[in-house]
Amino acid sequence: MLIVTSVFASLLTLIYIKLAFNVISLREKNKVSLGSGGFSDLDKAIRAHGNFSEYVPLGLILMGCLELNYAPWGLVTLLGITLTVGRVFHALGIQEESPNFKNRIIGINLTFLSLAGLVVINLGWVIFKLI
């Protein structure tokens, strides 16, 4: 069973839905059906939603692989927390006015840390199990 991955997939999906509703409400407010219509707040919301959907699936797939290969739950949980916190910080950071990218930088660093950690640990775990 993919218990840890299921929990994080559910949490991340709730965040994804929230980001989607942000886009929907700004589209209604600004009367824009496609694109951002030149509204910077809508453009930011679209990118926060899109960026989230670009990174999260890879993290969840790698988490699921680890869990299916019987890696310790604590390790999978730690990586899931790092991915989730990274994605939240990044989504918040996109809303910040430039040149202040503090939350966005924290978010992408945590995201890359979690993804790189998942890759290295997955490869290491498979080698460990095969030896």
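The values are calculated or read from the model by the stated rules, or taken from the named source; none is laboratory data. Everything numeric here is computed off the predicted structure, so don't read it as measured data. As a convention, Cβ positions derive from the backbone with ideal geometry for all residues, glycine included, and neighbour counts pool all protein chains shown. Quick note on the areas: whole protein, heavy atoms, side chains included, nothing else; ligands and nucleic acids left out. Shrake-Rupley method; radii C 1.70, N 1.55, O 1.52, S 1.80 Å.
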Keeping the other protein chains in place, figure out the carbon and sulfur percent of the accessible area of the chain, with a 1.4 Å probe.
72
Using 0.36 nm per residue of separation minus the Cα-Cα distance, give me the extension gain between L92 and K129 in nm, one decimal.
9.4 nm
When only the heavy atoms of the protein chains count and the probe is 1.4 Å, how do Y55, Y16, Y70 rank by accessible area, highest first?
Y70, Y16, Y55
Please give every one of the aspartates and glutamates within straight-line cross-link reach of K29, meaning a C-alpha to C-alpha distance under 14 Å, and leave out same-chain neighbours fewer than 8 residues apart.
D41, D43
Working from Cα positions, state the angle (0 to 90°, nearest 10) between the long axis of helix 102-130 and the longest principal axis of the chain.
20
Once volume of the Cα convex hull per residue in Å³ is worked out from the coordinates, which option in (i) 108; (ii) 129; (iii) 94 does it equal?
(iii)
Please compute the net charge surrounding E54, taking Lys and Arg as +1 and Asp and Glu as -1 over other residues with Cβ under 15 Å from its Cβ.
+3
In debye, nearest 20, what is the charge dipole magnitude of the chain about its Cα centre with +1 on Lys and Arg Cβ and -1 on Asp and Glu Cβ, if you could check?
100
So what is the accessible area of the chain per residue, in Å², with the probe set to 1.4 Å?
59
If you line up the long axis of helix 40-68 against the longest principal axis of the chain, both from Cα atoms, how many degrees apart are they, to the nearest 10?
10
Expressed as a whole number of Å, what is the distance separating the alpha-carbon centroids of the stretch 105-121 and the stretch 32-82?
12
At a probe size of 1.4 Å, how large is the accessible area of W125, to the nearest 10 Å²?
50
Where M1, M63 fall by accessible area, highest first, once all protein chains stay in place (1.4 Å):
M1, M63
Rounded to 0.05, the calculated FRET efficiency for the beta carbons of S40 and V120 at R₀ = 35 Å is 0.40
Within straight-line cross-link reach of K129, aspartates and glutamates at Cα separation under 15 Å, skipping those fewer than 8 residues along the same chain
E67
